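The values are calculated or read from the model by the stated rules, or taken from the named source; none is laboratory data. Note that this is a predicted model, so its numbers are computed, not measured. Note: ideal-geometry Cβ built from the backbone for every residue, glycine included; neighbour counts use all protein chains shown.
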């Protein structure tokens, strides 16, 4: 198993160039086809117009479309610069619609989604955070790159969270291309290792030629996400792998506490799977 098709969520922020460089390095490592996708939201009625909305001229919507088009052109140019001269198989796509829906739909036909850490909170269902949506709706692994700089060679020291649930098992399988190439792998659980079948998970990894060290911590009521990040830092891990938990409500999901904490506080790449 490897990642042969990668989808890069394109959005404009100060980390764009670094995120592109890392995605290209990953695509080269796995010899993957790289898809750069930008989704522009459709024009919306400016907040506060109320009953005056009927008198809003078409120039308001046209201005929004022009702004979205300018952003798309800048992103396209940045993507082209990043892949130029690499010999990578790649394609650029530009779509208009609801970003969470279209990115999740695109994720259905790729092996790995690469996205970036963003500021904000998706508790407001009407202001969806695409990264938060993807980690539970992509149907496969989603790699979130942190806001800071990341060396494209990461994945040599991997911390994997294990709680015996479906999401953790899926994350373990989805991360195998990284795990098989890693120098060190830790399988971490909190509480009763026997109850979550940690020994069986270790043997399962072993059959994939992945030798993992078990880390069993006492459950002292600590926030699981904070604990995962703390242990990753203590072991100098350069990649965290974890199952993502969430359930749909309105237009966006309500994330589990550990998933949300790691999304907003991680300083290393995180591979989520749901």
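Looking across region 48-62, the residues that are loosely packed, with under 12 Cβ neighbours inside 10 Å and either in a helix (DSSP H, G or I) or modelled with pLDDT under 55 (or both) come down to 48, 50, 51, 52, 53, 54, 55, 58, 59, 62. Residues in region 185-210 that are within 22 Å of residue 234 (Cα to Cα) and either assigned by TED's automatic domain parsing to the domain that holds residue 28 or without any contact (Cβ under 8 Å) to a residue 40 or more places away in the chain (or both): 185, 187, 189, 190, 191, 192, 193, 198, 202, 210.
The test for being surrounded by fewer than 21 Cβ atoms within 10 Å (Cβ to Cβ), under 21 Å from residue 224 (Cα atoms) and over 17 Å from the mean Cα position of the chain (by Cα) holds for residue 196.
Here residue 145 meets the list (1) at pLDDT 95 or above; (2) closer than 18 Å to residue 108 by Cα; (3) outside the structural domain of residue 217 (by TED's automatic domain parsing) almost entirely, failing just condition (2).
Count of region 4-39 residues, restricted to those that are under 24 Å from residue 108 (Cβ atoms), within 15 Å of the chain's Cα centre (by Cα) and not in a strand (DSSP E or B), is 7. The number of residues in region 147-172 being in contact (Cβ under 8 Å) with a residue 40 or more places away in the chain and surrounded by 15 or more Cβ atoms within 10 Å (Cβ to Cβ) comes to 18.
Within the set 67, 125, 78, 72, the sole residue that is modelled with pLDDT of 95 or more, over 22 Å from residue 4 (Cβ atoms) and surrounded by fewer than 18 Cβ atoms within 10 Å (Cβ to Cβ) turns out to be 78.
Selection within region 199-224: residues that are over 15 Å from residue 173 (Cα atoms) and modelled with pLDDT of 90 or more. The member of this set that is surrounded by the most Cβ atoms within 10 Å (Cβ to Cβ) is 215. Here residue 241 fulfils each of the conditions (1) buried (at least 21 other Cβ atoms within 10 Å of the Cβ); (2) part of a helix (DSSP H, G or I) apart from (2).
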